[in-house]
Structure formats: structure tokens, C-alpha cells
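**Q** Next up is a structure, given as C-alpha cells.
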Amino acid sequence: MLEENQVGRAETAGEGSHGDYIFALDIGTRSVIGIVGVPEGEKLRVSAVETVEHTQRAMIDGQIEDIEQVSRVARLVRQRLEEKTGLVLRHVCVAAAGRALKTQQASYELSLKEPQVVNQELLCQLEAGAIEAAERQFHPETAEQEQPVFYLAGYSVVQYTLDDYPISNLLDHRGRRLGVKVIATFLPREVVDSLYTTMRKTGLEVSSLTLEPIAAMNAAIPRNLRLLNLALVDIGAGTSDIAVSRDGGVVGYTMATVAGDEVTEAVMKEYLVDFTTAEQMKIKLSGEDDISFRDILGLEHTVSSKELQGKTEPVMRRLCEEITGRILEANGEPPSAVFLVGGGSKLPGLCECVAELLRLPPSRVALGGNNFMTYVDAPGMELTGPEMATPLGIAISSALNLINDSFSITLNGKKANLFRSGSLTILDVLLMNGYSYQQMISRSGKSMIVELNGENRVVYGGHPRLARILLNGAESSLSTLVHAGDGIVFEPAAPGEDARPVLEDLVKPESRGTAFLFGRPVPLGTRAVINGCPAAPGQRLMTRDKVHTVSVGTLGELLASCGEPRERACLINGSPARPDDKLSDGDRIEAAPEGDGSPANGEPVSPARAEEKQILAAPPEGPSPHPGRIRLTLNRAGLELGPKPDKTPYCLIDMLNLVDVDLSKPQGNIVLHINGRNASYLQPLADGDKVDIYWDGADTPTKP
């Protein structure tokens, strides 16, 4: 979080007026270090320094585990500094542990409808998509709305592709498929939240926040040296944080999971001493010839520094191998030089071993500390030890606005988190403050595919609400560069609603009255069946539903829908009719008398087919004696049917129009049984089947 020069200020105890003091806290695994100073020109003049060690294991690898314990130690540091300086400290500058950073690699492809020239906005969308993909890899199985929040600390592009061909820079090229692979580094929100909560319990308000590797770099490596390819390694107790600079900015972060504690534990095992004794022996390695100690049995011993160094050399070399491996991973090649800081960096032989493994001249690997005085004036204090890199870096980063080129940017009225240096776009600022790619790039709602009369139909989702970006009150875009003092207003995009169609969105069922077939009412118009079941008005459709429509508007359609031959000779209102004659409300259809020659399709009706349906006096016993015909029991009445014109077998749905059941006027749940078992509309019928179709709750099924 970048602040102006008033951040981290204190009030004088006597007058309560605002001063120019900076108060910085470095919350480490072993201790909490506090620094109070005042900016003077291009330097920070340090007024007081205080260190208090943790009495319990309240920190694990630099991450706060016991908030109450850490806040208690921080309060003690604050009280002692207030006593030394006579100030009332209200605001504090802090840094998040670099070891909490999470790094992930991901690729993303943007497909355009047609080839077009790649501008900065398209490039931003592409890179934001890759960053989102990298973030999702931390919790791939978690739903989008439940994803934990991460703050982007920084990212670098590994490779672009244009229409599947690798390219170093996409800008101004023309293509249809844009691809990118990135390495992105994130800071989990819970790390920041625990830091803020601890400070509130300490009675302090966080006024600036940076990352520990950046803070250490600001102290150890002056900005004018960062045009060079340099690596800084902060070797703590539990982990070693690494930052890489190039072309004037910090371009990469990583972490090694080994640090000073590995050496301390090796001393414990070798000499049978407790952790505190082993830690003191390790510290004395670089300053004393002979080291005296008492083991856990109470026996006194003295060993030479040379002997102790020999015992710790194997674990020290493993530490160097891990550190150099991580440097090469983050930088891609050996850097021009390496600076080692932190309490663990003072181990004898460490610099030489790192130089050997990176194949650098020994002079290119050095302890940080020589450059501290570039920004610090500390009369009467010895602050050049490498363990002071992070606390001094936090203080001077805020005092001299080194966090990000003197930036102080607001986002939706609040000061924004900015974790890295260099030029920043609105996209960078949004990602650093926990906004996701989906909140920036609007998308339509999810579409749905439904089958209608055998063909797939796409029902599209709703239109999205576009993201709104204002920079200093003017409409802007993700690719716009931000400058010191800028104010950003961001209203996230909202996706369109997912498709949730109802039946009427695909078809328009309609009623055109009722015709009477052989005295039985049959509705005219269009009706629908969904997955073989009659559809109700307003019924919601689901993905892959199969919708079939049945239209009854002509004599032939009516006959076919009722299981009658389409060409059957009929009379409409007493007059001979053809299959394509249109029907009207109230029309009465009767069978034409046998042998009267009434035309059905322009030819005399065959007497053998004049009556395809025969009502039996009693339920049938056994199969039909007539070839090609079947006997059924429909609603307890006997029925014999002739073959269908298209020779297809009869299905239960063919029986609908043979019973007095009006599906357009539901009277409850429809009961469909074949031989006493539940059946579907499309289930085929066999000779001798017993079929029941009626409304649930009806006393007696209606006979045909």
C-alpha cells in the first residue's frame, strides 16, 4: 500500500502535533525489530531501534501463527520506542513475508472471431487471462464464487504465440489466436489480513505495506544499480527469500525452503546441545577462534571455529545448492551479482559457496550492508549488519517513497496495494488489489442446447454488464498507465444470466378449437412433448431436453395423431374430405360409408381398410386372428387396431387420442400404465397388452 510522506508518522507525546517520524516494524520468525526515524533530504535519520525476541513459537517460517503473542511482542517494541523517542506512535509501516508468496506458471489463449491487429488492450486481456488461470491452479476444484482471494505481487511473460507460432512481442501484429505463458506470483489475502489484525491489536494502523524481499532490496541495492541483473537473498531462520532485479525494477520472486535453522539443527545433533546454545555457537562462528559451550548433560566443552565450520559445511552447502537453484529458476541464468542479507547470511564460507555454484567470481557475491548508508544516517548506531536489511528497508521504503516510484494511488476511494516497482497499468493495480479477470472482462451467460424435433437449438445466455473504469473521472481502459496521485474508480463487470428457457421460448403451443373424430373431441392446434411426456405451459427446459411438437390442423394430421390411417376415407360435416383439408373449431369427422367411393386421396377407398379400428365387445383373449392387426385392452375396453400406414409399431402415445384425456387441460398427474407398470409415451405396444391412461385421482379410466 503506497502512501504519501505522512504515512507511518508519530505524534509528540507532549503536544500531540503531527511530526515527520517514520515507524517501521519487521516481524520475523525469531524477533520483532522496530525502527523510528525521520526523513531528511534523500536519507532517513534513524532515531531509535528496538529488538524483542519471541518467547514462544508464535511465527512459523515468517508467517504469523499466534496473533495474540505476536501483538504482545509488537506492543512491547512500540512502548520501548515511545519511551526512547518521547513520541506517541499511531501508524506503522510493515512488510509481508516473502516466504508467503505463491508462484505458479500458466498459459492462456484468446481466440478472435477474425484476424485483427493486437493492441495494448487485447494484450492486457490476454495476460489477465493467464494470471487468472495461474491463480485458479491453487484451488482448481473450488467453485469460482468461492475461490480464495490472492493479491498479485508480480508476473513475467515466458512466451507469446501468434496463431500457434512463438513470437517475442505480440503488439501491432495481426492474428486470430493469441497465446501467452506467464509466471505469476501471488500473496494470499489471509497473510495480509493476519498482519493487519496483529497491528490493530497492537493499537497501530497500517499506513504502508510492501513485501520483505522488496524492502530488503531497497536497503541493500540502490535503485541506480537495478539496471543490472542482480539477485538478493534474505536468509532468515526458516526460509530464504529471493528477489531478482533487471532493467530498473524487481522482476521476480521466489523462496528456498531451507535457511539458518538447518545449520543450527546440525550443531544441535553434532554436539548434543539445545537450540539456544546451538544458535549462539553458530553466531560465534564468524567472530571467535574458540567456542565454549555446555551440552545437555551439563559437561563443558571448547571447540575451534575451524572444527565447527567443518561440521556445518555439508548442511551449509545444501543450503547454497537450494538457494542457487532457486535463483536460476527465477532468473533463467546466473545474475551479474548476488547480495546476501539476513541473519543467516553471516555463516563463514557462504558467499564463496554461492559464487562457486553460480560460476561467478567470488567478488560478485557479497554480504549486503555496505549500501545501507546510501539512504540511512544513524549517528552512534551500528546498523550495517545484514540482519538489518529488512527493517531498514521497510523504513526507508516508506520514508523516501521507494515502494513504487513515489506512487500514491487511490482505488475506489482507498489507497491501493502496490507491491512492485516499474510502470503500472490499471490492470496491474486491479490485480494487485484482489480483483479477478472475470470481474474485468465481461462475459455472456452460459448458453444451453435443446433438441427440437430432432435438431439442436442453441438458447443463448443473457448479455453482460460491462466493467466501468474511470481514471481521474474520465472513462479509461485496462491498458492505461497510472501515475502518482491518480484516482481509479472501478465497477466490476457482471456476467449475463445463464440461459433458463421455458417451452414457449422455443415453440408456441396454440389451440385452435376442437374437432370431433367419430364423436370424440380432439383439440386442434400445436402441442408439445418433452422427453416423451406431455409438456405443461411455462415448463422450464433443461440442457439436452428433447422437445417434439405435434400439429393438428388438417384431417390427415388429426387422423395420424389419433392412430388412424392418414388416408382413411372420412366425411367432414357430412361432406367427403381429403387428408390435407383444413379443420375448424366444431368440425365433425365421421367415417365414410363402405363402398361409397368417397375420395380420400383421389382414389376409391379399399373396403378392406375402411375400418382400421374395431371396438371389441369384451377384452381380447389371446392375439388377434387377423394378420397385421393387434389386440389391446385400453382402459378396460377391448380394442383391435390395423397396421399403421407407415408400418411402424404402435406406441403408447398413439393411444392418447383414443381416450377422453385432454392434455391441454391438466386435471392432475397423468397415469400411464402398460400391463400394470409405469410406462413412457414412446414405449412400443405388443399384441395383447393392457394399457391404462387416465388422470390420477379419477374414479374410473374413461373407455375409448
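The values are calculated or read from the model by the stated rules, or taken from the named source; none is laboratory data. Small disclaimer: the values here were computed from a predicted structure and weren't measured. Ideal geometry is used to build each Cβ from the backbone, glycine not excepted, and the neighbour counts take in all protein chains shown.
**Q** Here is a list of conditions, (1) at pLDDT 85 or above; (2) within 60 Å of the chain's Cα centre (by Cα); (3) surrounded by fewer than 18 Cβ atoms within 10 Å (Cβ to Cβ); (4) not hydroxyl-bearing (Ser, Thr, Tyr), and Lys647 meets all of them except one; can you say which number that is?
**A** Evaluating Lys647 over (1) at pLDDT 85 or above; (2) within 60 Å of the chain's Cα centre (by Cα); (3) surrounded by fewer than 18 Cβ atoms within 10 Å (Cβ to Cβ); (4) not hydroxyl-bearing (Ser, Thr, Tyr) leaves (1) as the failure.
**Q** Applying the selection to the range 85-129, what residues are over 24 Å from the mean Cα position of the chain (by Cα), of a type in the set (A, V, I, L, M, F, W, C) and surrounded by 18 or more Cβ atoms within 10 Å (Cβ to Cβ)?
**A** Selection gives Leu87, Leu89, Val92, Cys93, Val94, Ala95, Val118.
**Q** From the set of residues in the range 345-386 that are of a type in the set (S, T, N, Q) and under 26 Å from Lys284 (Cβ atoms), which is surrounded by the fewest Cβ atoms within 10 Å (Cβ to Cβ)?
**A** If we filter the range 345-386 for residues that are of a type in the set (S, T, N, Q), which is where we start, we get 345, 363, 370-371, 374, 384.
Add one more test, that the residue is under 26 Å from Lys284 (Cβ atoms), and what stays is 345, 370, 384.
Values: Ser345: 26, Asn370: 12, Thr384: 17.
It comes out as Asn370.
**Q** Now for a different question. Can you tell me how many residues in the range 285-303 are polar (S, T, N, Q), in contact with a strand residue (DSSP E or B) (Cβ under 6 Å, 6 or more places away or on another chain) and surrounded by 11 or more Cβ atoms within 10 Å (Cβ to Cβ)?
**A** 1
**Q** Report the residue count in the range 157-190 for those that are farther than 21 Å from Asp428 by Cβ and in contact with a Leu (Cβ under 7 Å, 6 or more places away or on another chain).
**A** Within the range 157-190, residues that are farther than 21 Å from Asp428 by Cβ and in contact with a Leu (Cβ under 7 Å, 6 or more places away or on another chain) number 4.
**Q** May I pose another question? So which residues in the range 211-243 are surrounded by fewer than 24 Cβ atoms within 10 Å (Cβ to Cβ), hydrophobic (A, V, I, L, M, F, W, C) and touching a strand residue (DSSP E or B) at 6+ places or on another chain (Cβ under 6 Å), if there are any at all?
**A** Leu230
**Q** Okay, next question. What about Ser208, is it at pLDDT below 85, surrounded by 24 or more Cβ atoms within 10 Å (Cβ to Cβ) and not aliphatic (A, V, I, L, M)? Quick ask: steps written out before the conclusion?
**A** Numbers: at pLDDT below 85: yes; surrounded by 24 or more Cβ atoms within 10 Å (Cβ to Cβ): yes; not aliphatic (A, V, I, L, M): yes.
Spelling it out, Ser208 is indeed at pLDDT below 85, surrounded by 24 or more Cβ atoms within 10 Å (Cβ to Cβ) and not aliphatic (A, V, I, L, M).
**Q** Being in a helix (DSSP H, G or I), of a type in the set (A, V, I, L, M, F, W, C) and either assigned by TED's automatic domain parsing to the domain that holds Ile283 or out of contact with any Lys or Arg (no Cβ under 7 Å at 6 or more places or on another chain) (or both) is the requirement here; does Ala216 meet it?
**A** Working: in a helix (DSSP H, G or I): yes; of a type in the set (A, V, I, L, M, F, W, C): yes; either assigned by TED's automatic domain parsing to the domain that holds Ile283 or out of contact with any Lys or Arg (no Cβ under 7 Å at 6 or more places or on another chain) (or both): yes.
So Ala216 fits the description; yes.
**Q** What do you reckon, is Glu132 surrounded by 15 or more Cβ atoms within 10 Å (Cβ to Cβ), charged (D, E, K, R) and outside any strand (DSSP E or B)? It would help to see each step written out before you state the result.
**A** Numbers: surrounded by 15 or more Cβ atoms within 10 Å (Cβ to Cβ): yes; charged (D, E, K, R): yes; outside any strand (DSSP E or B): yes.
Spelling it out, Glu132 is indeed surrounded by 15 or more Cβ atoms within 10 Å (Cβ to Cβ), charged (D, E, K, R) and outside any strand (DSSP E or B).
**Q** Report yes if Ala389 is modelled with pLDDT of 80 or more, in contact with a strand residue (DSSP E or B) (Cβ under 6 Å, 6 or more places away or on another chain) and either surrounded by fewer than 20 Cβ atoms within 10 Å (Cβ to Cβ) or within 16 Å of Ile22 (Cα to Cα) (or both), otherwise no.
**A** Values: modelled with pLDDT of 80 or more: yes; in contact with a strand residue (DSSP E or B) (Cβ under 6 Å, 6 or more places away or on another chain): yes; either surrounded by fewer than 20 Cβ atoms within 10 Å (Cβ to Cβ) or within 16 Å of Ile22 (Cα to Cα) (or both): no.
No, not satisfied.
**Q** OK, next. Which numbered condition trips up Val258, out of (1) more than 20 Å from Thr390 (Cα to Cα); (2) of a type in the set (Val, Ile, Thr); (3) touching a helix residue (DSSP H, G or I) at 6+ places or on another chain (Cβ under 7 Å)?
**A** Unmet condition: (1).
**Q** Take the range 295-344 and flag every residue that is part of a loop (DSSP other than H, G, I, E, B) and farther than 18 Å from Lys284 by Cα.
**A** Keep residues of the range 295-344 that are part of a loop (DSSP other than H, G, I, E, B), which gives 295-299, 332-336, 342.
Listed by number, the residues that qualify are Ile296, Leu297, Gly298, Leu299, Gly332, Glu333, Pro334, Pro335, Ser336.
**Q** Checking Ala278 against (1) touching a residue at least 24 places away in the same chain (Cβ under 8 Å); (2) among the aliphatic types (A, V, I, L, M); (3) within 30 Å of Ile27 (Cα to Cα), which single condition isn't satisfied?
**A** (1)
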